[in-house]
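Asks: Below you will find the structure I want to go over with you.
The values are calculated or read from the model by the stated rules, or taken from the named source; none is laboratory data. Note that the structure is a prediction, hence the values are computed from the model and not measured. We place every Cβ from the backbone using ideal geometry, glycine too, and count neighbours over all the protein chains shown.
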There are 2 protein chains.
Amino acid sequence: MQMTYKDSGVDIDAGNKSVQMIKDAVKSTYRPEVLGDLGGFGGLFALKKYENPVLVSGTDGVGTKLKIAFLLNKHDTIGQDAVAMCVNDILVQGAEPLFFLDYLAVGKLIPERVAEIVGGVARACKDSGCALIGGETAEMNGFYPEGEYDIAGFAAGVVEKNKLITSERVKIGDVLIGLPSTGLHSNGFSLVRKIVFEHKNFDGTEFIPELGKTIGEELLTPTKLYPKICLPLIQKFDEKIHGMVHITGGGFYDNIPRALPKNFGAEINADAWKTPEIFKLLQSWGNVARHEMYRTFNCGIGMILIVDKNSLPEISDHLNKNSVEFYEVGKVVEGAEIKIKGGDLLD
Amino acid sequence: MQMTYKDSGVDIDAGNKSVQMIKDAVKSTYRPEVLGDLGGFGGLFALKKYENPVLVSGTDGVGTKLKIAFLLNKHDTIGQDAVAMCVNDILVQGAEPLFFLDYLAVGKLIPERVAEIVGGVARACKDSGCALIGGETAEMNGFYPEGEYDIAGFAAGVVEKNKLITSERVKIGDVLIGLPSTGLHSNGFSLVRKIVFEHKNFDGTEFIPELGKTIGEELLTPTKLYPKICLPLIQKFDEKIHGMVHITGGGFYDNIPRALPKNFGAEINADAWKTPEIFKLLQSWGNVARHEMYRTFNCGIGMILIVDKNSLPEISDHLNKNSVEFYEVGKVVEGAEIKIKGGDLLD
């Protein structure tokens, strides 16, 4: 008996078919700086003129939110999660996302499935202004169950060195402006799954009146892409923006300090925004402590801008004019502590 | 009963511990261009002055070679595989690898295990001259079995636009110089596993006289890192190097054409090098067709330089002087076909 690579569960032809299927979606993300075409060994991006360019890059996955996509058999939104988790990370250092690459590992390569997933990646790249210039789709038989997969992303951006957002500009008294999240984004899903599918024993199809949708739909809501809102802000207000915080894994408690100088803290007034129902439900269903909620989830605020108090009026004005929803959620204080007062979560 | 994120299988403290454990290894890879420190949202890399910099980036994983690492419970080499698969890809476009990020998804976060894996990543980055400026370690409970994980890498490099290696310089009659692989590298492992563990029913500990080592040791041999050999060559011989080919997934048949203009092909003389025993064994054990072997594996040649015929003497001389093993493995011919003659594999 002759053995072939295909017999072993890796179908190069299916791989080629999926490349054909995603080609147009991928190309639709190209910016003028993209050189070459699909099929090169590396993705090529010609950098424009910068005085002192700093490349800012980040990688992230979607975590076990993927399990929700598997459960609902819906695969066209998870790509946005992968893109958002990465571009939101590089954005907070002041960088413009330039390009993105995705790593997709599948149990069995089903070209239509890959096209669905990568189509979502491409749409999110386009929305973020970054080109999808590379990727790897690995067929890993016996590693993932047939219909399952893992996805990770890699984003790179650029910023002039003197425009880099570090913690250096942050001052005591600076104001924290919170931008709403679209829900859970892509963090804390191991706990979410435990509460929803084990503890509550839901299967995902249950309609939840407080949410106005099924629990599955709520959980799969894609992570918000902040570049389109934040890049113009960074460009317009420049050094008036002292810092930015992506509320990602580790929630408020672990992420806000990453944007602050040592021995600086923040006071958050959680009454400033309405905590989305999903967080209240999760807390109540799982009897999760308030501190644990803010250490695990974004609780409604996915991005924070730290701005000069004196610039608040003009920044607010700009946000209002552009119909961007925002809340004044707190201020920078002395002492390396994050204090969260008020809000809709229970003590 | 109160539920916590930790109860759900994600241990933020174990995550923090692993960051502490890998800190020194990661920092040992830093180049002067690296700004900031671990813990920022994005990795920062200040680009030096270039006239027209082209960023070249690639992502890849290790595929089911990981299963061998699990089987042998040896995790300090797989990081090199992840780095090599990426940096070898960007190298063939003429780019100097600048930085690398890793994505590591684990079933359970065991800090010592993570340190072993990322330690391997860091050593390989250092060997390739690129800085490990970011990474994500995701604890994905219920996604991977407790001791298992997936790893992917992202590498970015830079090259002056006029030094970019594309297929444009390649001419009929150009010579193909092959650089030896260290073995299977990280491709074709689904077939390898099927032959070795299913068909031969090995458990990995069998000593194979032809290899002088156990089959497990042979299979886990890390992928060769080519930057240290190839970058000085690219810098010294510049446009005398017309093309480069990373023999990665798809073997000779799929990769050589990626470096050639349309309607150009190559004639390979496989008698030019001694096919390593592992490929002969796999072919014989699995009764794999010769064409399938060259479409799946590197068969002993991991990297090919396509050089001007007239430059061959000086390039050979340079390689000899630097004790770099190489073989004249073929030439560029008219017609879009890859013909492989001779060699130690059976028809």
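Asks: Cβ-Cβ below 9 Å, separation at least six or inter-chain, first residue in the range B:57-84 and within 12 Å of chain A (Cβ to nearest Cβ) and free of Cβ contacts under 8 Å to residues at least 40 places away in the same chain, second among the acidic types (Asp, Glu) and surrounded by fewer than 23 Cβ atoms within 10 Å (Cβ to Cβ): which pairs?
Replies: Here the result reads none, with nothing in the range B:57-84 linked to a residue that is among the acidic types (Asp, Glu) and surrounded by fewer than 23 Cβ atoms within 10 Å (Cβ to Cβ).
Asks: Moving on. Please find, among A:Asp89, A:Asp102, the residue that is within 19 Å of the chain's Cα centre (by Cα), farther than 25 Å from B:Gly63 by Cα and within 10 Å of another protein chain (Cβ to nearest Cβ).
Replies: Just a single option satisfies the conditions, and that option is A:Asp89.
Asks: Considering only residues that are among the acidic types (Asp, Glu), within 25 Å of the chain's Cα centre (by Cα) and surrounded by fewer than 24 Cβ atoms within 10 Å (Cβ to Cβ), which ones fall in the range A:26-73?
Replies: The answer is A:Glu33, and nothing else.
Asks: Looking at the range B:61-77, which of its residues are touching a helix residue (DSSP H, G or I) at 6+ places or on another chain (Cβ under 8 Å) and in a helix (DSSP H, G or I)?
Replies: B:Gly63, B:Thr64, B:Lys65, B:Leu66, B:Lys67, B:Ile68, B:Ala69, B:Leu71, B:Leu72
Asks: What pairs come up if the first residue lies in the range A:104-129 and is surrounded by fewer than 24 Cβ atoms within 10 Å (Cβ to Cβ) and part of a helix (DSSP H, G or I), the second is of a type in the set (Lys, Arg) and modelled with pLDDT under 95, and their beta carbons are under 6 Å apart, counting only those six or more places apart or on different chains?
Replies: From the range A:104-129, the pairs are A:Pro111/A:Lys17.
Asks: Among the listed residues A:Gly153, A:Gly212, A:Gly183, A:Gly204, which satisfies the condition of being away from every other protein chain (no Cβ under 14 Å), closer than 30 Å to A:His242 by Cα, in contact with an Asp or Glu (Cβ under 9 Å, 6 or more places away or on another chain) and of a type in the set (Gly, Ala, Ser)?
Replies: Matching residue, one of A:Gly153, A:Gly212, A:Gly183, A:Gly204: A:Gly183.
Asks: Considering each residue of the range A:35-58, count those that are modelled with pLDDT of 95 or more and closer than 25 Å to B:Tyr103 by Cβ, and give that number.
Replies: Of the residues in that region, 10 qualify.
Asks: Something else now. Tell me the residue from B:Lys274, B:Lys280 that is away from chain A (no Cβ under 14 Å), assigned to a helix (DSSP H, G or I) and at pLDDT 95 or above, please.
Replies: Matching residue, one of B:Lys274, B:Lys280: B:Lys280.
Asks: Is the range B:12-34 home to any residue that is facing another protein chain (nearest Cβ under 9 Å), touching a Phe, Trp or Tyr at 6+ places or on another chain (Cβ under 8 Å) and at pLDDT below 90?
Replies: Yes: the range B:12-34 contains one or more residues that are facing another protein chain (nearest Cβ under 9 Å), touching a Phe, Trp or Tyr at 6+ places or on another chain (Cβ under 8 Å) and at pLDDT below 90.
Asks: Now for a different question. Exactly one of these conditions fails for B:Ser128: (1) among the polar types (S, T, N, Q); (2) farther than 28 Å from B:Ser167 by Cβ; (3) at pLDDT 95 or above. Give me its number.
Replies: (2)
Asks: Step by step: first the residues of the range B:1-25, then only those that are in contact with a Pro (Cβ under 7 Å, 6 or more places away or on another chain) and surrounded by fewer than 19 Cβ atoms within 10 Å (Cβ to Cβ), then the one that is farthest from A:Ser284 (Cα to Cα). Which residue is that?
Replies: Of everything passing the filter in the range B:1-25, B:Met21 is farthest from A:Ser284 (Cα to Cα).
Asks: Just name the residue that is surrounded by the most Cβ atoms within 10 Å (Cβ to Cβ) out of those in the range B:188-205 that are in a loop (DSSP other than H, G, I, E, B) and touching a Ser or Thr at 6+ places or on another chain (Cβ under 6 Å).
Replies: Looking at residues that are in a loop (DSSP other than H, G, I, E, B) and touching a Ser or Thr at 6+ places or on another chain (Cβ under 6 Å), I get B:Gly188.
Asks: Conditions: (1) crowded, with 17+ Cβ neighbours inside 10 Å; (2) assigned to a strand (DSSP E or B). B:Cys299 meets all but one. Number of the miss?
Replies: Among (1) crowded, with 17+ Cβ neighbours inside 10 Å; (2) assigned to a strand (DSSP E or B), the lone unmet condition for B:Cys299 is (2).
Asks: Checking B:Glu314 against (1) in a strand (DSSP E or B); (2) out of contact with any strand residue (DSSP E or B) (no Cβ under 7 Å at 6 or more places or on another chain): exactly one of these is not met. Which one?
Replies: The number of the failed condition is (1).
Asks: Step by step: first the residues of the range B:332-347, then only those that are hydrophobic (A, V, I, L, M, F, W, C), under 30 Å from B:Gly286 (Cα atoms) and under 25 Å from the mean Cα position of the chain (by Cα), then the one that is modelled with the lowest pLDDT. Which residue is that?
Replies: Taking the candidates together, the pick is B:Leu345.
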